[in-house]
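Chemist: Here it is, the structure, as structure tokens.
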Amino acid sequence: MVRVLYLLASLGLLLGYSPGVVQISPEKEHASGVQSPAKPGENTFFTKENEQPFTLVLPLDRVLKDRGDKPGWHAASILYQDEAGVSQSVPVLMRVRGHRRKDPTVCTFPPLLIRFPKGAPQNSIFGQVEELKLTTHCLQDKYVLREYLVYKLYNVLTDMSFRARLCRVTYQDANGQRKGSVHQAFLLEDAKAMAQRNQAAVVPNRLAIGMENTDQQAMAQLAFFQFMVGNTDWSVPYRHNIRLLMLDRRTPPIPVPYDFDYTGLVMAPYAEPPEQLGISSVRQRLFRGGSFPEDIYAEMRTLFNARRAAFNNVYLSCEYLSQDEKEFAIRFLDGFYETLNSPKDFERSIVRVGRRNEKQYISIKGLE
């Protein structure tokens, strides 16, 4: 306990927090998979559900070949029509990002990081942003849509989650040497913006913080969610696909997940679980959380059962998803609920595994 209090005090000093307390409301009702309304001063780009079209003009050959350890920035521009139908152009810089997906043997088209100029138009559809991650089609558009919808699932659980905006991007070669193409992609809310929206700050990655030192209600929520979507590719202490949010100096940090391409719900062709976990497919669930008190287990069962219809609606209401894809996702979610609501399976697959994890935990530093 002393260690936790010391950690919180250190975080408070580091982040410059005042003693004020911000309460989390995980019980907040979400009747559907629709995003919460924008708050004053919030970036409304990420609160809209429709697919945003735009054209990305970039030197395709140079960008696609620049996949080393330190990819360079390349001049590009984004073309779009504003709400009045007027054509707009925003000069940007971009570079290849990612780890596994940066590998040309994995993705023919890697994910990108877009940097916006400081003097960008105030009324840009993208809002006041500095950098945004663009998750591209990699191999096929269906994997973009599947991963985007996993973000939408976590939005159903809590506002302390990354927002994503589905886009339809026309890739145009600035040098005119490659034929253009049109694909689905999504832009991801910046971590600092996500934190500010929740009146919090992002905890620096250099601070080593284990699962036991996070808010246990939020930690259980994340662990159950990752189990539901079939994700083992994350780690709190190594900050692998995890951000930590600090609300104030008197409360433990909140873990927030991102990067879901290794989930069973996405089932990307390159996604394989780490060998040391002892599972052969990302469609095979493995609980990666620790052990929690019985009252938290009961709360998680209640919470996830209450959200079941909303989770399903994320898929059923998605106009861009085929019927086969909807059924594919809901069948996988149904498997989670069979475990959640079976006392025997719950004890075997979650409670006992959580206890085992506390005794000998296999941390995932990353698959690269």
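Chemist: Take GLN199 and decide whether it is over 24 Å from GLY264 (Cβ atoms), touching a residue at least 40 places away in the same chain (Cβ under 8 Å) and out of contact with any strand residue (DSSP E or B) (no Cβ under 7 Å at 6 or more places or on another chain).
Modeler: Yes; evaluated as a whole, the condition is true for this residue.
Chemist: Among the candidates VAL353, VAL282, VAL314, which residue alone is in a loop (DSSP other than H, G, I, E, B), out of contact with any Cys (no Cβ under 9 Å at 6 or more places or on another chain) and open to solvent by less than 30 Å² (accessible area, probe 1.4 Å)?
Modeler: That would be VAL282, the only listed residue that is in a loop (DSSP other than H, G, I, E, B), out of contact with any Cys (no Cβ under 9 Å at 6 or more places or on another chain) and open to solvent by less than 30 Å² (accessible area, probe 1.4 Å).
Chemist: Let me ask something else about it. Take GLU189 and tell me if it is farther than 29 Å from ASN43 by Cβ and either touching a residue at least 60 places away in the same chain (Cβ under 8 Å) or of a type outside the set (Lys, Arg) (or both).
Modeler: In short, no.
Chemist: Residues of region 140-167 being of a type in the set (S, T, N, Q) and closer than 16 Å to ALA268 by Cβ, which ones?
Modeler: GLN140
Chemist: Still on this structure, please answer the following. Can you tell me which of THR135, THR170, THR105 is free of Cβ contacts under 8 Å to residues at least 24 places away in the same chain and among the polar types (S, T, N, Q)?
Modeler: THR105
Chemist: Within region 44-75, count every residue that is of a type in the set (A, V, I, L, M) and assigned to a helix (DSSP H, G or I).
Modeler: Residues in region 44-75 being of a type in the set (A, V, I, L, M) and assigned to a helix (DSSP H, G or I): 3 in total.
Chemist: Still on this structure: Going by the conditions given, is ARG301 surrounded by fewer than 18 Cβ atoms within 10 Å (Cβ to Cβ) and within 10 Å of ASN231 (Cα to Cα)?
Modeler: Considered against the rule, which asks whether it is surrounded by fewer than 18 Cβ atoms within 10 Å (Cβ to Cβ) and within 10 Å of ASN231 (Cα to Cα), ARG301 comes out as no.
Chemist: Being at pLDDT 95 or above, closer than 30 Å to TYR361 by Cα and not in a loop (DSSP other than H, G, I, E, B): is that true of ALA185 here?
Modeler: Here the answer is no, as ALA185 does not meet what is asked.
Condition check ((1) of a type in the set (S, T, N, Q); (2) surrounded by fewer than 21 Cβ atoms within 10 Å (Cβ to Cβ); (3) assigned to a strand (DSSP E or B)) across all residues:
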{"site": "LEU113", "(1), (2), (3)": "no, yes, yes"}
{"site": "GLY127", "(1), (2), (3)": "no, yes, no"}
{"site": "TYR148", "(1), (2), (3)": "no, no, no"}
{"site": "LYS152", "(1), (2), (3)": "no, no, no"}
{"site": "MET160", "(1), (2), (3)": "no, no, no"}
{"site": "ARG178", "(1), (2), (3)": "no, yes, no"}
{"site": "PRO204", "(1), (2), (3)": "no, yes, no"}
{"site": "LEU207", "(1), (2), (3)": "no, yes, no"}
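The values are calculated or read from the model by the stated rules, or taken from the named source; none is laboratory data. Computed from a prediction, not measured in an experiment: that's the story for all the values here. Cβ: placed from backbone, ideal geometry, glycine included. Neighbour counts: every protein chain shown. The area values use the complete protein model at the heavy-atom level, side chains included, leaving out ligands, DNA and RNA. Shrake-Rupley method; radii C 1.70, N 1.55, O 1.52, S 1.80 Å.
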